[in-house]
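Take a look at the structure set out below.
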Amino acid sequence: MFDRVRARLARLGDPQYAAEPAVGLFVDGPNVFRDEFDVDLDDLRDAARDLGRIGVIRLYLDEHATPGLIQAAEARGFEVIVTSGDVDVKLAVDATAFAGDGTIDRLAIASRDTDFKPVLEHAGTVGVETIAIAPGSYGRSDALRNAADEAITLEPEP
């Protein structure tokens, strides 16, 4: 455990590490982890890493989430937030707060739900770069894609 902490502290002094943008990835679990999409937690984490240094990585789930999904997400470094209903409001409030407080330089939202369009728009007004991540080509929201600075579509591996 302390080796990881020492390595992280050593990187903090590295100018290249400090210049790398901090990414906040917020995943709308009920909209992304559906039978019709073949989305992998590792693919989501890798997409965030490709955007910069991960500052926040959260998976939002409702009360119907399986314990296996929760355990798998936690094992891959996701902070899991379970709500007793629709996850949209909690995700939107949290993403907006992180975008506004300077914690992140890039906000990535993985969803196909147009409810997050105002979050991306607000983040853009406070100088945070925005990325919309779609769970597949037929699972993407044109509204999210158009509101974001960048759009990523996760495709199933052949």
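Coordinate-derived values only; no laboratory data. Predicted model, so just to flag it, every value in this text is computed and none were measured. Positions of Cβ are backbone-derived with ideal geometry, glycine not excepted, and every protein chain shown enters the neighbour counts.
Return a yes/no flag: does segment 127-134 have any residue that is among the β-branched types (Val, Ile, Thr), closer than 22 Å to Ile54 by Cα, assigned to a helix (DSSP H, G or I) and in contact with a strand residue (DSSP E or B) (Cβ under 8 Å, 6 or more places away or on another chain).
Checked segment 127-134: no residue is among the β-branched types (Val, Ile, Thr), closer than 22 Å to Ile54 by Cα, assigned to a helix (DSSP H, G or I) and in contact with a strand residue (DSSP E or B) (Cβ under 8 Å, 6 or more places away or on another chain).
Return the residue satisfying two criteria in turn: it lies in segment 59-86 and is touching a residue at least 24 places away in the same chain (Cβ under 8 Å), closer than 16 Å to Val32 by Cβ and in contact with a Lys or Arg (Cβ under 8 Å, 6 or more places away or on another chain), and of such residues it is surrounded by the fewest Cβ atoms within 10 Å (Cβ to Cβ).
Among those residues, the one meeting the criterion is Arg76.
Is it the case, given these coordinates, that Asp50 is free of Cβ contacts under 8 Å to residues at least 24 places away in the same chain, surrounded by fewer than 18 Cβ atoms within 10 Å (Cβ to Cβ) and under 17 Å from Gly24 (Cα atoms)?
Yes: the conditions hold for Asp50.
With the structure loaded, tell me whether Ile104 is crowded, with 17+ Cβ neighbours inside 10 Å and of a type in the set (A, V, I, L, M, F, W, C) or whether it fails that test.
Judged against the criteria, Ile104 is a match.
Tell me, please, whether a residue that is more than 20 Å from Ala143 (Cβ to Cβ), of a type outside the set (D, E, K, R) and touching a Ser or Thr at 6+ places or on another chain (Cβ under 7 Å) can be found in segment 111-130.
The answer is no; no qualifying residue exists.
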